[in-house]
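Colleague: Structure provided below as structure tokens; questions to follow.
The values are calculated or read from the model by the stated rules, or taken from the named source; none is laboratory data. All of these numbers come straight from a predicted model, not from anything done at the bench. Here Cβ is always computed from backbone atoms with ideal geometry, including for glycine, and neighbour counts include all displayed protein chains.
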Amino acid sequence: MGFLNFFAKPAPTLLRLPAGSFTMDRTGRVVVATLPSNFPQSLVEEIGRSVMNAFSEAQTAQLPLEELVIYYPALRITARDMRGGAIVYLAPQTLTGPVKQL
């Protein structure tokens, strides 16, 4: 039976939903973050890169986009353009109540 355990995949670790924010400069580098230290930096960079791409594409298309709000079932991401940079807020959603609008 030990041979079958060799092929078993380890269970993925669950991350706690973050609550905090981070600021990115115009080069896409994270300048300041108030997220928990155990939240992976790679996820912060991926979220930031997606936000910066959205603001950049809106500017290229000449659309006045200053704020971007993304609702997931358990997480709300709010991003604000800061003249080239961005500030991104991550907030967990409650499962019991309605989604609160800003």
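Colleague: Right, Ala79: part of a strand (DSSP E or B), surrounded by 10 or more Cβ atoms within 10 Å (Cβ to Cβ), under 14 Å from the mean Cα position of the chain (by Cα) and at pLDDT 95 or above or not? Break it down stepwise before answering.
Modeller: Working: part of a strand (DSSP E or B): yes; surrounded by 10 or more Cβ atoms within 10 Å (Cβ to Cβ): yes; under 14 Å from the mean Cα position of the chain (by Cα): yes; at pLDDT 95 or above: yes.
Here the answer is yes, as Ala79 does meet what is asked.
Colleague: Six or more apart or on different chains, Cβ under 7 Å: which pairs go from a residue in the range 7-23 that's among the acidic types (Asp, Glu) to one that's modelled with pLDDT of 75 or more and surrounded by fewer than 10 Cβ atoms within 10 Å (Cβ to Cβ)? Could you list them?
Modeller: Filtered contacts from the range 7-23: no entries.
Colleague: Restricting attention to the range 41-55, which residues are surrounded by 14 or more Cβ atoms within 10 Å (Cβ to Cβ) and not β-branched (Val, Ile, Thr)? Step through it out loud before you land on a result.
Modeller: Of the range 41-55, the ones surrounded by 14 or more Cβ atoms within 10 Å (Cβ to Cβ) are 44-45, 47-48, 50-52, 54-55.
Across the range 41-55, the qualifying residues are Glu45, Gly48, Ser50, Met52, Ala54, Phe55.
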